[in-house]
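For reference, the structure discussed in these notes is given below.
The values are calculated or read from the model by the stated rules, or taken from the named source; none is laboratory data. Keep in mind it's a predicted model, so treat the numbers as computed, not measured. Cβ placement follows ideal geometry from the backbone for every residue including glycine, while neighbour counts extend to all protein chains displayed. Only protein heavy atoms, including side chains, enter the accessible area calculation; ligands, DNA and RNA are left aside. Shrake-Rupley method; radii C 1.70, N 1.55, O 1.52, S 1.80 Å.
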Amino acid sequence: MRKLVFALTMGFMALSCSTAEQPAPATEQGNPVIETIMSRRSIRAYKDQAVPRELLDQVVECGIWAPNAMNSQMWEVRVVTSQEWINGATEAVKKNAEAGSPAAKQFEDPSFKNIFRNAPAVIVIGHKVTNQPGSFTQVDCGLMAENMMLAAKSLGLGTVPMASPVGTFLATPVGAPFLAQLGFSEGYEPLLCIGIGYPDEEPAAKPRNKEVIKYIE
Ligand SMILES: Cc1cc2nc3c(=O)[nH]c(=O)nc-3n(C[C@H](O)[C@H](O)[C@H](O)COP(=O)(O)O)c2cc1C
């Protein structure tokens, strides 16, 4: 009888994984790590509630425990909770946005709060720009970012990774004073921002293509 229950449970789990247009509800799997991975979504609406410092500490510390090539740790992390910085950056973009451009359009959205997808805090991950053989700083930072986002999710927080504020703001003359305030070390450049806060939306899962997975047996 126990064997039958086990077989039925395994069969059900296999079925729920293989039909996953949407991620399988992982509570059925009873695995909190898988549940966190499968239920994370990019969040673009946040409550007006600051994230406690202890939680931010945990999130960023999880980041630096990510695997990274040769443990070179050629990354730097800045956690911005300054509303002056976030709102100042937003105002600077607003002032300089060309009429009709996508940058200008975002300000028309009634739910718009700031250029970091409305998040009340922003983590900026920077990497050392190097051609050193064996260095994979962008990969390392991606792994770091996912560690942070999963840790945040497990703590009841929402996140959104954003490349756009780097390319369209921090790397431009308008963003330069704001980048300077982040104080990255010489030779380091920002790579990715992560908006973080208490989520105020529950977006549906974006579909994933399982066809990309192939076994060579
Ligand atoms: C490297 C990278 C850059 C991204 N840049 C942005 C961005 O600038 N703005 C944004 O709203 N979302 C950005 N995203 C979020 C993606 O749009 C999102 O992860 C994707 O649509 C899948 O949705 P999900 O995260 O909810 O599963 C970025 C994601 C990654 C990994």
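To the nearest 0.05, what FRET efficiency results for Ser111 and Ser72 with a Förster distance of 35 Å applied to their C-beta separation? Spell out each step's value before the answer.
Working: r = 41 Å, r/R0 = 1.16.
Efficiency computed from Cβ-Cβ geometry: 0.30.
Which whole-Hz ³J(HN,Hα) couplings does the range 180-193 yield from phi under the Karplus relation 6.51 cos²θ - 1.76 cosθ + 1.60, θ = phi - 60°, glycine and proline marked x?
For the range 180-193, the Karplus-derived couplings read 4, 5, 6, x, 5, 5, 3, x, 9, 10, x, 10, 8, 9 Hz, x marking Gly and Pro.
Please list, in order along the range 117-123, the HN-Hα scalar couplings obtained from phi with the Karplus expression 6.51 cos²θ - 1.76 cosθ + 1.60 (θ = phi - 60°), rounded to whole Hz, x for Gly and Pro.
Each residue's phi maps through the Karplus curve to give 6, 6, 6, x, 9, 9, 9 Hz.
If R₀ is 41 angstrom, what is the calculated FRET efficiency for the pair Ala204 and Gln132, using the beta carbon separation as r and rounding to 0.05?
Efficiency at R0 = 41 Å is approximately 0.45.
Taking the Cα centre as origin and putting +1 on Lys and Arg beta-carbons and -1 on Asp and Glu beta-carbons, what dipole magnitude results for the range 83-215, to the nearest 20 debye?
About 320 debye.
In degrees from 0 to 90, rounded to the nearest 10, what is the angle of the helix 137-154 Cα long axis to the longest principal axis of the chain?
Result, in degrees: 70.
Can you give me the long-range amide H partners of Glu76? Hydrogens built in the peptide plane at 1.01 Å from N, cutoff under 5 Å, separation of 5 or more residues or another chain.
The list, which skips near neighbours in sequence, is Gly126, His127.
Quick check: at a probe of 1.4 Å, how many percent of the accessible area of the range 53-197 sits on carbon and sulfur atoms? Spell out each step's value before the answer.
Numbers: 4010 of 7400 Å².
Here it works out to 54 percent.
What is the helix-to-structure angle for 53-64, meaning the angle in degrees between its Cα long axis and the longest Cα principal axis of the chain, kept from 0 to 90 and rounded to the nearest 10?
Helix 53-64 sits at roughly 70 degrees to that axis.
Work through the residues other than Ala119 whose Cβ is under 10 Å from its Cβ and net out their charges, Lys, Arg +1 and Asp, Glu -1. Let's see the in-between values first.
Values: positive: Arg44, Lys113, Arg117; negative: none.
Once all neighbours under 10 Å are counted, the net charge is +3.
For the range 103-115, just list the computed ³J(HN,Hα) in residue order, Karplus coefficients 6.51, -1.76 and 1.60, θ = phi - 60°, integers in Hz, with x standing in for Gly and Pro.
Couplings: 4, 6, 4, 4, 6, 7, 5, x, 8, 5, 10, 7, 6 Hz.
Accessible area per residue, 1.4 Å probe, Å², for the chain: what's the number? Show your work: numbers first, answer last.
Working: 13350 Å² over 217 residues.
Result: 62 Å² of accessible area for each residue.
Just to verify a number: FRET efficiency for Asn87 and Glu189, C-beta to C-beta distance, R0 = 30 Å, to 0.05?
Once the sixth-power term is evaluated, E becomes 0.80.
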